[in-house]
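Heads up: the structure comes next, in structure tokens.
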Amino acid sequence: MTTPTRPSLDDPALAIPVEHAGIFEPIPVPRTEREREFYDLKDGELLLNMGPHHPSTHGVLRVVLKINGEQIVDVDPVLGYLHRGAEKICENADYHQVISQVDPLEYISALFNEWGAVLSFEKLLDVEVPRRAEYIRVLAGELNRVASHMLFLGFYALDLGGITPILWSFAERDEIMEALAALTGQKLLFNYFRIGGVNGDLNHEFLSRVGDWMSRAGTHLEDGMTLLNENEIFVRRTRGIGVIDRETALRMCVSGANLRASGVPFDLRRAHPYSVYPELDFDIPTRAEGDSLARYLLRFDEVKQSLRIIDQCLHEMPDGPVMAKLPRLLRPRPGRAFSSVEAPRGQYSTYVVSDGTDQPFRMRIHDASFLHLEILGLLMPGTLVQDIMVVMSSLDPVMGGVDK
Amino acid sequence: MALTGRAPGGPDAPPGTLGSRLPVPATTAGDALAEAVVVPNTLWTPADPAAYGGVPVDEAPSLALKRYDASGEGRRNDGRWGALDIVPTKADYVLDLIRMNSLWPLLSGLACCAFEMMSMSTSRHDIDRWGMFPFRASPRQADVLIVAGTLTTKMAEPLVRLWEEMPEPKWCVAMGDCTCSGGRYKRSYSTIQGIDRVLPVDVYVPGCPPRPEGLIYGMMKLQQLVRQRRGHWPERNVGPTVPEGI
């Protein structure tokens, strides 16, 4: 009788085929110094993979955590699961088509993607936009900002384990989206702004929907604040977690609500004014703490300011045309232009280079979410595994904008 | 700006000619235009229908009961005196009714369409009303994969793994233009031009993005398809074969 031999891993017949290496081997061959440092495990450390399919990663983000027991040692966000080559597509589309191609980047607030592109094209072409069009842009943009922040509030609660707030926030968001759909004709990716104006004038359905919603918005916001703001579990999980101090925030190029939650009153609508924001009366809310709770609460403050702006736009809407007179085929002179808008997630910038044809020679799109993910590597080490959801979600990244 | 060295044409080309569209900035010395690099499409091929189970559809082992039903033998009275080991019943039809009225989609939002998908499951368009539970996070507990959003080449492998982790019976819904055919990313270098290149799709819901009502209609079509056994799963023993190179 022969003794059965145990299979050896050195047996070439049992070797993992090369094409399956990514599936079965959790640790890749390090290619850079940073990877060598990250994947070199010390005693007691192990790697934990989160994503790309994870209900709380706001899209398809993969985060590799190096943990020691319950404590996070290091974080490695792996990007690119939603890289769609938008910049290259923009270089092969003419200036009007670009507006629809940038829509799905930061898809929760699509109007700001268009706004960035349109602003830079208008600088390139030296176009003056009619005042009524500017007011309509501000009105639609602020509505989109409210919808985006409302979604954040629901998703933040969902990532912390609460189901109810997302049902409330989606009810609010759907109402705004239906109003914007009446104005733009599309529900999520609006394709509404044009070079030199907007696609269509205000219509009756939009105004009646917005007026209807505005009569209840303040109450709904107060209701939303009663859900979690004084919830003991929620406050204990978010207060003092993921603190970004003022210097770090400025050094790491944090922008938008995350920067203002760290006590820096920087808002592009006031700092580098565009459109008709100088004529409008609103405040820049800030909070000093810089933790996850402050970032959460600051969004409520921003929604209140947005409601003020919407109210002013509706009352002071000037008459006139909504489009500047422009030829159908646009050929700006060779040159370059840069523009930034204050999107709900921070500074959204567009840089465009023209070579004199009707297509951009180069189109560079910069989204704040990318930088906000980068700061995870500073915030996470030393915290517990449960905090990664709290911190990452409070930074509110959108993977469409990160991966482009 | 490195835009010098252009071929004739440009903004100074005579009006009415196409010359102003054609030139590209020269990338090599001496104004010579570089030859285009043609990469043959070896990565993406449509999935082979014969790959579902490895045999032609009519000979699939999982269809034994169906073939037996069609042969008429089961309608003889052999079952009554023990000449048969099995007695075919109509239980399968009852099971189909149960499956159809408790669809559990997998929470797999990839991009923009995910928000319309979630909107479908929340208060305004409440899909609980039609027997579709809003979203399981684990593929082991789900039986419908709604692919909502652009599928990139990098995400294809994790998504196919998710699909293979789902237990049978399972169905796949392609939501949005990107997943149906490529849509606005038809010309992109990093997306998959329609997920039917890697997954067997049962229902296509076009739109960019489709409204939640559109997705609800698609899900109702899926229910109809489950009841009539017209989906992919009766012909399938194992998950689909993944084309090489993903």
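Brief remarks follow.
- For region B:102-161, a tally of residues being hydroxyl-bearing (Ser, Thr, Tyr), part of a helix (DSSP H, G or I) and in contact with a helix residue (DSSP H, G or I) (Cβ under 8 Å, 6 or more places away or on another chain) returns 2.
- The residue pairs whose first member lies in region A:329-348 and is over 17 Å from A:ALA140 (Cα atoms), whose second member is small (Gly, Ala, Ser) and part of a strand (DSSP E or B), and whose beta carbons are closer than 6 Å, counting only pairs six or more residues apart or on different chains, are A:PRO332/A:SER354; A:PRO334/A:SER354; A:GLY335/A:SER354; A:SER340/A:SER349; A:GLN347/A:SER340.
- Hey, A:ILE176 modelled with pLDDT of 90 or more and either more than 30 Å from A:GLN359 (Cβ to Cβ) or hydrophobic (A, V, I, L, M, F, W, C) (or both) or not: yes
- Annotation for region A:203-212: at least one member residue is at pLDDT 90 or above, within 21 Å of A:VAL146 (Cα to Cα), in contact with a helix residue (DSSP H, G or I) (Cβ under 6 Å, 6 or more places away or on another chain) and basic (Lys, Arg).
- Count of region A:321-332 residues, restricted to those that are surrounded by 11 or more Cβ atoms within 10 Å (Cβ to Cβ) and more than 14 Å from chain B (Cβ to nearest Cβ), is 5.
- Checking each residue in region A:333-364 for being small (Gly, Ala, Ser), within 14 Å of chain B (Cβ to nearest Cβ) and touching a Lys or Arg at 6+ places or on another chain (Cβ under 8 Å) picks out A:ALA337, A:SER354, A:GLY356.
- Among the residues listed as A:ILE136, A:ILE195, the single one being buried (at least 24 other Cβ atoms within 10 Å of the Cβ), of a type in the set (A, V, I, L, M) and in contact (Cβ under 8 Å) with a residue 40 or more places away in the chain: A:ILE136
- Residue in region A:385-394 that is surrounded by fewer than 16 Cβ atoms within 10 Å (Cβ to Cβ) and either modelled with pLDDT under 90 or small (Gly, Ala, Ser) (or both) present: yes
- Only strands (runs of 3 or more DSSP E) whose full extent lies in region A:31-108 are considered here, and the ones with at least 3 residues that are surrounded by 14 or more Cβ atoms within 10 Å (Cβ to Cβ) and under 26 Å from the mean Cα position of the chain (by Cα) are A:62-68, A:71-78.
- So B:LYS170, is it touching an Asp or Glu at 6+ places or on another chain (Cβ under 6 Å) and among the charged types (D, E, K, R): yes
- Taken together, B:GLY218, B:GLY214, B:GLY194 contain a single residue that is at positive phi and either within 14 Å of another protein chain (Cβ to nearest Cβ) or buried (at least 19 other Cβ atoms within 10 Å of the Cβ) (or both), which is B:GLY194.
- Yes/no for A:LEU139 being modelled with pLDDT of 90 or more and not in a loop (DSSP other than H, G, I, E, B): yes
- Selected residue [surrounded by fewer than 21 Cβ atoms within 10 Å (Cβ to Cβ) and either under 30 Å from A:ASP387 (Cβ atoms) or at pLDDT below 90 (or both)] from A:SER262, A:SER275, A:SER255: A:SER275
- Looking only at region B:98-157, and only at residues there that are within 12 Å of chain A (Cβ to nearest Cβ) and on the phi > 0 side of the Ramachandran plot, the one that is surrounded by the most Cβ atoms within 10 Å (Cβ to Cβ): B:GLY149
- Residues located in region B:163-186, provided they are farther than 19 Å from A:TYR107 by Cα and surrounded by fewer than 20 Cβ atoms within 10 Å (Cβ to Cβ): B:GLU164, B:GLU165, B:PRO167, B:GLU168, B:PRO169, B:SER181
- Among the residues of region A:43-71, those that are without any contact (Cβ under 8 Å) to a residue 24 or more places away in the chain and away from chain B (no Cβ under 14 Å) comprise A:ASP43, A:LEU46, A:LEU47.
- Every condition in (1) over 19 Å from the mean Cα position of the chain (by Cα); (2) within 25 Å of A:GLY154 (Cα to Cα); (3) part of a loop (DSSP other than H, G, I, E, B) holds for A:ILE233 except the one numbered (3).
- Residue satisfying all of: in region B:162-191; in a helix (DSSP H, G or I) and either out of contact with any strand residue (DSSP E or B) (no Cβ under 8 Å at 6 or more places or on another chain) or facing chain A (nearest Cβ under 7 Å) (or both); nearest to A:ALA86 (Cα to Cα) among these: B:TYR185
The values are calculated or read from the model by the stated rules, or taken from the named source; none is laboratory data. Only a predicted model underlies this, so the values are computations on that prediction, with no experimental measurement involved. Using ideal geometry, Cβ is built from the backbone for each residue, glycine included, and neighbour counts are taken over all protein chains shown.
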